[in-house]
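J.: Take this structure first; my questions come after.
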Amino acid sequence: MAEYNKKTVEDIDVSGKRVLVRVDFNVPLDANFKVTDDTRIIGALDTIKYLSEKGARAILVSHLGRPKNGFEEKFSMKPATARLSELLGKPVIQAADVIGDDARAKTGGLKNGEVLVLENVRFHPEEEKNDPAFAKELASLAEVYVNDAFGTAHRAHASTEGVTHYLPAVCGFLIKKEIEFMGTALSNPARPFVAILGGAKVSDKIKVIENLIDKCDSIIIGGGMAYTFVRAQGFGVGSSLCEEDKIGLAGELLKKAEARGVKFLLPLDTIVAKEFKNEAESKNVLIGEMPDGWMGLDIGPGAIKEFGAVVAEAKTVVWNGPMGVFEMPNFAVGTKEIARALSESGAISIVGGGDSAAAVEQLGFADKISHISTGGGASLEFLEGIVLPGISALLDK
Ligand code: AMP
């Protein structure tokens, strides 16, 4: 599949060239405009260092937050640039605009190996509109384009897709890794291939389930979304989260999985609570016996054991979405134990961005996971089988 076989920064001559790099420096800032989590900046370091070592002139471009009215100091890239400079241990040049006079002068004056950061690309509304004239202006700052922002690769914006019409375009090391792990899992997985899906709603993950039914050996469902499937099997779910209008569809997905010989595992038991709060009275019940007035907030010990055994046998596991309301410590056990099972299995383990990635990191299992995706929305769309515009626009090998 061409979308999984893209040229990388190593496949193109960058030395002495001005290289426009789309990075994801959309980092959280505190009240004093200090970066409070630099994970995303760290994620781009391999590509930036590689370019510097090869003598390229790196021009980094990113968005930060959601500016609406042109330049606003609170959405400036300056704090991210300062952090990048600390991490690289050398000065990084900050442009005062994106495609204006300052950006032109500073990119024109770059020396080999130097790094510059443009201002927030979303100061221009043309960015999200993928305006061709804006994309052309942006592209005119450079001779080569590198996309290393997986988190925005599912958006066809000027800095992710538009510029590829004007420059030879390849991926950086971060996107390369995303493609290697997720692309291989979807196109040629080591088997058994197991998907674990959780989170609040079935409706958010229908397309993922439909796509994975054609590819997986087992699908494990936990979290709030499990109860819609439980209803489709004819059981009551008390006052648990349930999407009434999706019960029919859930039933069809169950049948489809059966027809394809895909094991579809729902929790055997579940922790139910009287109220949606951490201190609520709670107990474990079998899934067919959920009492009225109680809501399921986590998977039970039987489910943890069964899911864990399937994960232990797997050769590839993709996980997206928590097994329960993991923000409340009393209902975080299922999510924790699945994270543990994944970290202990010998499988190629891939964790989608968002809540499940945060859970794995908080629990200290991150270094035992083969790949933690850097994009929540983008990784979901990847799992849905959608070709991400920011990736498909890159040159094929
Ligand atoms: P998502 O963004 O779809 O991955 O959903 C994540 C959210 O699902 C988290 O905020 C969890 O608290 C929530 N969640 C997981 N399990 C349940 C449940 N059994 N009932 C209600 N919410 C849940």
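J.: Collect the residues in region 115-142 that are more than 11 Å from V21 (Cα to Cα), free of Cβ contacts under 8 Å to residues at least 60 places away in the same chain and in a loop (DSSP other than H, G, I, E, B), keeping them in residue-number order.
T.: Within region 115-142, E119, N120, H124, P125, E126, E128, K129, N130, D131, S140 meet the criteria.
J.: Considering only residues that are in a helix (DSSP H, G or I) and either surrounded by fewer than 16 Cβ atoms within 10 Å (Cβ to Cβ) or among the aliphatic types (A, V, I, L, M) (or both), which ones fall in region 342-376? If you could, list the steps in order and put the result at the bottom.
T.: From region 342-376, those in a helix (DSSP H, G or I) are 342-344, 355-362, 366-368, 376; that's our starting set.
Of everything in region 342-376, those that are in a helix (DSSP H, G or I) and either surrounded by fewer than 16 Cβ atoms within 10 Å (Cβ to Cβ) or among the aliphatic types (A, V, I, L, M) (or both) turn out to be L342, E344, A357, A358, A359, V360, Q362, A366, D367, K368.
J.: Check T228 against each of (1) crowded, with 17+ Cβ neighbours inside 10 Å; (2) under 27 Å from S349 (Cβ atoms); (3) touching a Gly at 6+ places or on another chain (Cβ under 7 Å) and name the one condition it does not meet.
T.: Here T228 clears every test but (3).
J.: Just one of A312, A339 is modelled with pLDDT of 90 or more, small (G, A, S), assigned to a helix (DSSP H, G or I) and closer than 18 Å to F264 by Cα; which is it? Can you show your working first?
T.: On the way: A339 fails: closer than 18 Å to F264 by Cα.
It is A312.
J.: Going by what's in this entry, would G151 be described as over 30 Å from R260 (Cα atoms), surrounded by 20 or more Cβ atoms within 10 Å (Cβ to Cβ), within 16 Å of the ligand (Cβ to nearest atom) and not polar (S, T, N, Q)?
T.: Numbers: over 30 Å from R260 (Cα atoms): yes; surrounded by 20 or more Cβ atoms within 10 Å (Cβ to Cβ): yes; within 16 Å of the ligand (Cβ to nearest atom): yes; not polar (S, T, N, Q): yes.
Yes: the conditions hold for G151.
J.: Which of the numbered conditions does S52 fail, given that it passes all the others? Conditions: (1) among the polar types (S, T, N, Q); (2) under 20 Å from E126 (Cα atoms); (3) at pLDDT 95 or above.
T.: The failed condition is (2).
J.: Moving on. Might you let me know whether region 314-328 holds any residue that is surrounded by fewer than 17 Cβ atoms within 10 Å (Cβ to Cβ) and within 11 Å of the ligand (Cβ to nearest atom)? Spell out the reasoning first.
T.: Restricting attention to region 314-328, the residues satisfying the condition of being surrounded by fewer than 17 Cβ atoms within 10 Å (Cβ to Cβ) are 315, 327-328.
Subsequent filtering for residues that are within 11 Å of the ligand (Cβ to nearest atom) retains 327-328.
Yes, some residue in region 314-328 is surrounded by fewer than 17 Cβ atoms within 10 Å (Cβ to Cβ) and within 11 Å of the ligand (Cβ to nearest atom).
J.: What is the one condition in (1) away from the ligand (no atom under 16 Å from the Cβ); (2) more than 15 Å from L383 (Cα to Cα); (3) surrounded by 21 or more Cβ atoms within 10 Å (Cβ to Cβ) that P132 does not satisfy?
T.: (3)
The values are calculated or read from the model by the stated rules, or taken from the named source; none is laboratory data. Here the structure is a predicted model, which means the values were calculated and not measured. All Cβ positions, even for glycine, are placed from backbone atoms using ideal geometry, and neighbour counts span all protein chains on display.
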